[in-house]
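The structure appears below as structure tokens.
The values are calculated or read from the model by the stated rules, or taken from the named source; none is laboratory data. The structure displayed is predicted, hence computed values, not measured ones. Note: ideal-geometry Cβ built from the backbone for every residue, glycine included; neighbour counts use all protein chains shown.
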Amino acid sequence: MPIIDTNAMPAVEKRPGWTGRIFASPSMTFAHWAFAAGATIHEHHHVQEEVWHILEGELEVAIGDEPPVRAGPGVVAVIPAQTPHRVLALTDGRAIVVDHPLREGF
């Protein structure tokens, strides 16, 4: 399926305050997230490289040993594979997250 209408997909709440539409290509996983102020993603890591593109709102993104960064519209965070990271939503907003390679079962 080369064209995907994410608006036609059901939204799922994977974590409190994180509602998304998740789909995959043969080699990558994509998530279009809407986040609520105060929502968090605990520190974790995985085998995939992960790229966050903030579309609306602000997030605090912590990657590895670097100090947390306030990220708003137009900011992209590139998280290397196997690197601990966490996210805090400072406001309501939206982001697109892409994982490579494919994140099985996500």
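Quick one: is Asp99 in contact (Cβ under 8 Å) with a residue 24 or more places away in the chain, closer than 23 Å to Pro2 by Cα and either out of contact with any Asp or Glu (no Cβ under 9 Å at 6 or more places or on another chain) or surrounded by 14 or more Cβ atoms within 10 Å (Cβ to Cβ) (or both)? For Asp99, the condition - in contact (Cβ under 8 Å) with a residue 24 or more places away in the chain, closer than 23 Å to Pro2 by Cα and either out of contact with any Asp or Glu (no Cβ under 9 Å at 6 or more places or on another chain) or surrounded by 14 or more Cβ atoms within 10 Å (Cβ to Cβ) (or both) - is met. Restricting Ala71, Ala77 to residues that are at pLDDT 95 or above and over 12 Å from the mean Cα position of the chain (by Cα) narrows the list to Ala71. For region 84-106, filtering for residues that are at pLDDT 95 or above and outside any strand (DSSP E or B) leaves 6. Inside region 8-37, can you point out the residues that are more than 15 Å from Glu50 (Cα to Cα) and in contact with a helix residue (DSSP H, G or I) (Cβ under 7 Å, 6 or more places away or on another chain)? Hit for region 8-37 is Arg21, nothing else. Considering every residue within region 23-35, establish whether at least one is more than 19 Å from Glu104 (Cα to Cα), part of a loop (DSSP other than H, G, I, E, B) and at pLDDT 95 or above. Checked against the condition, which is being more than 19 Å from Glu104 (Cα to Cα), part of a loop (DSSP other than H, G, I, E, B) and at pLDDT 95 or above, region 23-35 yields no hits at all.
Out of the residues in region 25-68 that are of a type in the set (Val, Ile, Thr) and surrounded by 13 or more Cβ atoms within 10 Å (Cβ to Cβ), state the one that is farthest from Arg86 (Cα to Cα). The qualifying residue farthest from Arg86 (Cα to Cα) is Thr29. Do the conditions hold for Glu13, that is, is it touching a residue at least 24 places away in the same chain (Cβ under 8 Å), of a type in the set (D, E, K, R) and outside any loop (DSSP other than H, G, I, E, B)? So Glu13 fails the test.
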